[in-house]
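Here is the structure we will look at.
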Amino acid sequence: PSDAIVLFNGADLSEWRDAKGQPAQWKVEKRELIESKGDIFTKKEFGDVQLHVEFQCPPPKGHSQERGNSGIFLMGKYEVQVLDSYQNPTYADGTLGAMYGQHPPLANVARPPGEWQVYDIVFHPPHFDENGTLKSRAIATVFLNGVLVQDNAVLTGPTDYMHRPPYKAHPEKMPLTLQDHDHPVKFRNIWIREFQELVPTKR
Ligand code: MG
């Protein structure tokens, strides 16, 4: 889209940094971004967004969470799971298409490893008042390979493992993060659109 910010154009990691603010260390080969050393963070910060991400899981090794694991962390805190969920059972809220640890996907529409898959995500951040009290929770709608897998899913708080911590006040805009889970998941064609939520959903 003409108003999209291209976060990965196939050429370089100019829109990304590592956790310490240094150049991101993921590999770029054949116009593809390959999950490698450390989580990566966008240099720009985002709140309400539409996000498009294409990804491809590597040939299967291991099972459950040890197969094609990565993640898209909205605001660096709220994970849309990336996993090879093709004929690979795992716990429901850890499946591809899950809001990790909180909401299983509405369907498993995973394609086999080696095939490109597409996420289209609409995310509204949580809001806090000036005292840091939660006013409204984060909410996400997610399409995976063109199929609705999260329908206005209201998040209980930031993503964690086996735990649902409460919200803690944070800025209205924060970087987007891609997770390094030691699996060479490939990414391409990542873009994001910022917009304002005109009629806030009650949540
Ligand atoms: Mg993950």
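A short reminder: the numbers here are calculations on the coordinates, not readings from a lab. Just so it is clear, the model here is predicted, and its values are computed rather than measured. Virtual Cβ from ideal backbone geometry, glycine too; neighbours counted across all protein chains shown.
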Residue among 177, 201, 112 farthest towards the positive dipole end of the stretch 112-203, charges placed on Cβ:
201
Distance between Cα centroids, the stretch 162-197 to the stretch 1-52: provide it in whole Å.
11 Å
Tensor-based shape of the stretch 64-203 (alpha-carbon gyration tensor, a/c under 1.5 rounded, otherwise prolate or oblate)
prolate
What longest region of the chain stays clear of GluC sites (Glu not before Pro) that DSSP places outside H, G, I, E and B and that have at most 11 other Cβ atoms within 10 Å?
1-114
Quick check on the exposure proxy: order 123, 195 from fewest to most C-beta atoms within 10 angstrom.
195, 123
Give the order of 16, 116 when sorted by the count of other beta carbons within 10 angstrom, beginning with the fewest.
116, 16
I need the chymotrypsin sites (Phe, Trp or Tyr not before Pro) found in the stretch 125-161, filtered to DSSP loop residues with at most 10 other beta carbons within 10 Å of theirs.
161
Order by neighbour count: 75, 99, fewest other Cβ atoms within 10 Å first, most last.
75, 99
